[in-house]
Every structure is written in structure tokens, then in C-alpha cells.
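Accompanying notes for the structure given below.
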Amino acid sequence: MILDAKPQNYNAAPAATAPISLIVTGDLAGLRLDQAVASLLPEFSRNRISRWIREGRIAITGQTIQPKTRVYGGETIRVTPSAEPETLAALPEEIALNVVYEDASILVLNKPAGLVVHPGSGNWHGTMLNALLAHSPLLANLPRAGIVHRLDKETSGLLVVGKTLQAQTSLTRQLQARTVKREYLALVHGLVTRGGSIDAPVGRHPTQRTRMAVVERGRPALTHYEVLQHCEGQATLLRCRLETGRTHQIRVHMLSLGHPLVGDPVYGKSRRSALALLNVFTRQALHAARLSLQHPDSGETMSWEAALPADFAQLLDALGAAPTV
């Protein structure tokens, strides 16, 4: 996935939580409390104000209140705002990073499974972006702290970050031009007999909005795959090369072939194997093993490799397959 370079302020501190005193004016008489407060504090959403009322953060002296409590004018309302969880996205956190390569312009990381790359709903802190802000504070001045592409939370492996605006722009253009080479190792259910390419558009699932799918009106997506090993007659180790970077691209494309990734909790959860150890692997068996690009400053082609993480390597060993990059 190529990320839009939208500016964002990562220097911001969490929103202030100092109490606010409000006087209900006569024109608000008869309104529900949440409506009145929303009118007096238009910078906050009605949903947020209703939540603050339920949490006891909004009070009228001497009254037990609910969102539907009516106001009559002249009351003093005390509001104690809470910092929203998304403000944590702006904070540096001391989270260990596995740095494969770093210079003044780029940073190449080997991301572990379980680490979210960019803050979002349900993951407002403890992300790679928070770690990057602690590792290199100047990244706070860049859109998305220099991040130009992502790996899913439970996918491990290599990704690159731009440390200057010029480097970030160059990397984004290389991704758009498809000159960045990304190779993955994927263990899929079933026997894939030969390699090939999947040229099928990927977009939001028409009815299950948390999933992606091959859909006619999706964005173009092209995945090349090569068979490396067959494992116990129950699974196949593939090398996948991306031409595009759509959300969940390899996972969706492999499902479309009838060979979902082992351990995939979204696209492979209905697939059960006669081999028990394939059913207990706790994440999608996908690893970004190789990365190649042109250095934004020198133009030199640079490449990196990342060995399989321990859990993936141990799974292959149990299957009698040789871990490989």
C-alpha cells in the first residue's frame, strides 16, 4: 500500500483536560443537555459530549444528569474533557526497532509480527510510528513520520522509511512506478502445482467492510508467485513478488486461488488441515523477505534480505521444509 503524503503534526501533545465552565444562555432553554453543550462547545462532536456525560465528565451543580436532561437557562455546566486516544498517535514511545540499514536519508526496518505500522482505530499507540518518533525525533516534521508503505500487523519483514521529505517523495514515486522490488515468503494451504501471476483488482468487500476482496471495481493488483516447496502434502511454500501494493493483496489473491495463507485469521479461518500444526499457527504465515530500491540520493540500487522470524522458521522445520530467504 502506498500512503498519501498528507501533512500531519506529530509534535502535538495530548489535548488539555482542564475543566471548562459554561453558562447556559436563554436561547438554549429547553434543549437536551448534550445539545446545549454541543452548541456551546462546537469543536467537540455530539457523540463525544454524550460519552463525557455518561462518564461523569459533565456536571450541573446539584443535579444527577443524563444526555437527555433538559436545561432551562442560567445553569452553570462544568465540563472536564478527556484526552482522546488518537492524541497518543503523536507521541514518541521507546519501542525496540530492528534496524537493518540506516543513513541520513532512509531507514530500513525488519518489522516483527504483532507490531502495527501506523496508528488507527483501536491502535492509537504502541505502533511503529510511535517507535520511529522516539528513534529519530526529526521524523515528526514529515507526513506520516516518513512511512511510505505498510505491512499488516501480523506480517513480518522489511519496509523502508524516508528520513527527509526529498527521500520520502522519491520512495513514494518509486513505489508508484513499481520500481521498488518486494518479495515475500508465504505458506499456503494445499498444493500449488506451479507458479504464475494473479492479475485481479482488489477492493473493499461489498458486504464485509473489514475485509478486502477481488472485485470488478477494485484497484489494479498484480502478484507473481513461485513454488518453492511442498510441505507434507498439505501446504506449499511460495515466493511472492508484488507489482502493486494493495491492502491485504497477497492474502486476498491467494484466497482467490483457493489457497489461503496458513494461520490467516481473516481469509483462512474456515480452512482446516489434516495436519494439526497448520491449524494452530496463530498468524498469517507471510514474511517480507527481500526489498530492493534506488537510493533517493545516489540512485544506487540497494537490496536487503531478512531471515524468517523464529515462529515461521520453526513451523517450516516441523514440516520438514528448509527455511529460506
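The values are calculated or read from the model by the stated rules, or taken from the named source; none is laboratory data. Since we're looking at a predicted model, the values are computed, not measured. A quick note on method: Cβ atoms are made from the backbone with ideal geometry, for glycine too, and the neighbour counts reach across all protein chains shown.
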Subset of the range 104-119 [hydrophobic (A, V, I, L, M, F, W, C) and more than 15 Å from the chain's Cα centre (by Cα)]: 104, 106, 107, 108, 109
Being of a type in the set (S, T, N, Q) and part of a helix (DSSP H, G or I) is the filter here; which residues of the range 276-316 pass it? 279, 314
So for the range 219-229 (the condition being over 26 Å from residue 306 (Cβ atoms), surrounded by fewer than 19 Cβ atoms within 10 Å (Cβ to Cβ) and within 21 Å of the chain's Cα centre (by Cα)), does at least one residue qualify? yes
Of residues in the range 1-21 being touching a Ser or Thr at 6+ places or on another chain (Cβ under 7 Å) and at pLDDT 85 or above, the one farthest from residue 247 (Cα to Cα): 21
Flagged in the range 130-153 as within 10 Å of the chain's Cα centre (by Cα) and either farther than 25 Å from residue 298 by Cβ or not in a strand (DSSP E or B) (or both), in numbering order, are 150, 151, 152, 153
Could you check how many residues of the range 246-294 are surrounded by 15 or more Cβ atoms within 10 Å (Cβ to Cβ) and either at positive phi or among the aromatic types (Phe, Trp, Tyr) (or both)? 4
Name the residue that is nearest to the chain's Cα centre (by Cα), counting only residues in the range 36-64 that are surrounded by fewer than 18 Cβ atoms within 10 Å (Cβ to Cβ) and farther than 19 Å from residue 18 by Cα. 47
Is it fair to say residue 273 is part of a loop (DSSP other than H, G, I, E, B) and more than 30 Å from residue 164 (Cβ to Cβ)? yes
With the structure loaded, tell me whether residue 101 is in the same structural domain as residue 291 (by TED's automatic domain parsing) and either at pLDDT below 95 or not in a loop (DSSP other than H, G, I, E, B) (or both) or whether it fails that test. no
